[in-house]
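The values are calculated or read from the model by the stated rules, or taken from the named source; none is laboratory data. Being a predicted model, the structure only gives us computed values, none of them experimental. Here the Cβ positions follow ideal geometry from the backbone for every residue, glycine too, while neighbour counts run over all protein chains shown.
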Amino acid sequence: MDFSFSDEQDSLRELSAKIFTDLCTHDRLRELEKSGECFDRALWAELGKSNLLGIAIDEAHGGMEMSFMELSLLLEEGGSAVAPVPLLATLVMGALPIAEFGSEAQKTHFLPRVATGDSILTAALIEPGSEDPGAPDTVATRDGDGWRLDGTKLSVPYAALAERILVPAKTDTGIALFLLDPAADGVVLESVEATNHEPQSHVVMTAAQVDAADVLAGPDDGASAIAWLELRAKAGQCAVALGVSDRALRMTAEYTTQREQFDRPIGSFQAVHQRAADAYVAIEAMRLNTWRASSRIASGEPAEDAVRVAKYWAAEAGHNATYAAIHLHGGMGVDIDYPVHRYYLWARQIELTLGSANRQLAEMGAELARA
């Protein structure tokens, strides 16, 4: 499979890399962390100004009308910078489903605002005791022309900053997907601290009100819409994990060629370069499988198996490669004034969200058994 990028894709990568390199520096991240702020508003505004937030939004709604492959390249660059902005939550988990399943009124309201950076969206896909968004315990009940939601969603990224939260819920006749206003009556947001310090909230809904205009997919097609969303959320995670892991290894290569012991760079020691080589091979496997999954989604081909394989590598190789980066940095690896620790935390967060490596293996094994 040929993964050579077009001139347009290379230009996109260069532009996004420049913005992240210029604005998302180690000093800027330290500044945000010390202030307790987990969202870089200036970076988000610059991404909106450059129209990078509109990569996968159609031109009629202010975007660039590119494919999931280009969106994955942006996510990869964001992961490389461990950028504290809701790229995955807003662009993949929020805007893509609205663009695919939303009414014209929903598209007209939300998509142009996402493209300019004026709207943040997210999705609530995890519940207590279950990571299967397609089998929610949250209940949706008819309430006049609208709906009433009761249930709890866990670890919803950027929920407190979101204009809407995509919420799967079961009804009497099937599964539906709703656009929940986090400021609506009956919604309580409980702030939680994520492994990578991403701002997350548990969303507790007690007779939470949802207008009829905020139904994204009804009981007839909600299950397929949720599966569509979950597939892209996992693929997007893989792209972020690739950027995180690749950058961690590059930082390690730079450090081990400069750090000396016994008058030699430690990168020349056999144990060091073998450990780094193992991480490099794992990351290349992650890269190929991530690009394969993204390209299949972009071209409209069946991608379920490819995404499971990519998520396995993102979880397993992402964890191992960033752990190796921490280890090969020695004492510097555990110094939070040094940047490499952030990459391990991000890899760990991705590893355990929407299914670990073991879960991907179990799902693939079940598919083979059914074949």
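Table for the structure above
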| quantity | calculated |
| --- | --- |
| Test: residue in region 40-56 that is in contact with an Asp or Glu (Cβ under 7 Å, 6 or more places away or on another chain), charged (D, E, K, R) and without any contact (Cβ under 8 Å) to a residue 60 or more places away in the chain | no |
| Selected residue (criterion: farthest from E316 (Cα to Cα)) from residues of region 246-304 that are over 23 Å from the mean Cα position of the chain (by Cα) and of a type in the set (F, W, Y) | F262 |
| When residues of region 135-152 are limited to those that are part of a loop (DSSP other than H, G, I, E, B) and over 21 Å from D211 (Cβ atoms), the one farthest from the chain's Cα centre (by Cα) | D137 |
| Leading residue by the ranking (farthest from P219 (Cα to Cα)) among those in region 77-110 that are of a type in the set (G, A, S) and touching a strand residue (DSSP E or B) at 6+ places or on another chain (Cβ under 7 Å) | A89 |
| Hits in region 150-188 - residues which are aliphatic (A, V, I, L, M) and closer than 18 Å to G36 by Cα | A159, A160, L161 |
| Spans of helices (runs of 4 or more DSSP H) in region 25-134 with at least 3 residues under 27 Å from A227 (Cα atoms) | 68-80, 96-101, 104-116 |
| Sole exception among (1) within 26 Å of D305 (Cα to Cα); (2) in contact with a Ser or Thr (Cβ under 6 Å, 6 or more places away or on another chain) for A160, by number | (1) |
| Strands (runs of 3 or more DSSP E) within region 160-211 that include 3 or more residues at pLDDT 95 or above and buried (at least 17 other Cβ atoms within 10 Å of the Cβ) | 164-170, 175-180, 199-210 |
| Region 107-127: number of residues that are farther than 21 Å from Q237 by Cβ and in contact (Cβ under 8 Å) with a residue 12 or more places away in the chain | 11 |
| Test: A347 is over 18 Å from G267 (Cα atoms), outside the structural domain of A81 (by TED's automatic domain parsing) and surrounded by fewer than 17 Cβ atoms within 10 Å (Cβ to Cβ) | no |
| Residues that are within 24 Å of Y344 (Cβ to Cβ), surrounded by fewer than 22 Cβ atoms within 10 Å (Cβ to Cβ) and among the aliphatic types (A, V, I, L, M), drawn from region 297-328 | V309, I326 |
| Those residues of region 1-39 which are in contact with a Leu (Cβ under 6 Å, 6 or more places away or on another chain) and either outside the structural domain of S72 (by TED's automatic domain parsing) or among the charged types (D, E, K, R) (or both), in sequence order | R13 |
| So E284, is it part of a helix (DSSP H, G or I), within 19 Å of S245 (Cβ to Cβ) and of a type in the set (D, E) | yes |
| Only listed residue being touching a Ser or Thr at 6+ places or on another chain (Cβ under 9 Å) and more than 18 Å from L249 (Cβ to Cβ), chosen from E316, E301 | E301 |
